[in-house]
Amino acid sequence: VAAFGSFRFVIKGGLAGAAVYVAYDQGLLGSGTQGAEALRKAQEALPPAIQEWTSYVGWEVRTLPPIPKIDFSPSDSWNKGVQTVISALSVAPTRACEYTVEGWKYVKDLVK
C-alpha cells in the first residue's frame, strides 16, 4: 500500500513538473508581453485543435461557436495584483492593532 502511495506521488509530481515546464516553454512565466503573445497563440490554435479532436472521436460538429474575444492584459493583471498586495500590506499594522484591541475586549468580557 505504501508503494502505491509513493507511485501516486511520483506521478502527480511528474505531471506538476511537466505543467510548469510547458508554461515556461510557452512564455507564460516570462514578461507581460510574452504572456500576451502566448495567449494570442492559444486563441489561434484552439478552434483547429477542437475540430481535429471531435473528428478523431467521431462526433459530428457542423460549426463551432466563435471563441469569445478575451480582453486580457497579463501586465495589467500583474500590476493590479501587486497593487492589491501592497495595499493589504500597508493597512496590515493598523488592522493588527484593531484586531488586538478587539481580542482584548473579548477576553475581558469572558473574564467578567
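The values are calculated or read from the model by the stated rules, or taken from the named source; none is laboratory data. Small disclaimer: the values here were computed from a predicted structure and weren't measured. Here the Cβ is made from the backbone with ideal geometry for all residues, glycine too, and neighbour counts use every protein chain on show. Only protein heavy atoms, including side chains, enter the accessible area calculation; ligands, DNA and RNA are left aside. Shrake-Rupley method; radii C 1.70, N 1.55, O 1.52, S 1.80 Å.
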*Contour minus end-to-end for F7 and A92, with contour as 0.36 nm per residue of separation and end-to-end as the Cα-Cα distance?*
26.3 nm
*Give, in nm to one decimal, the length gained when the segment between V107 and E44 is fully stretched (0.36 nm per residue of separation minus the Cα-Cα distance).*
16.7 nm
*For the pair V82 and E52, how long in nm is the line joining their label points, each one 7 Å along Cα→Cβ?*
3.7 nm
*On the full set of protein chains, 1.4 Å probe, figure out the accessible area of I11 and give it in Å² to the nearest 10.*
80 Å²
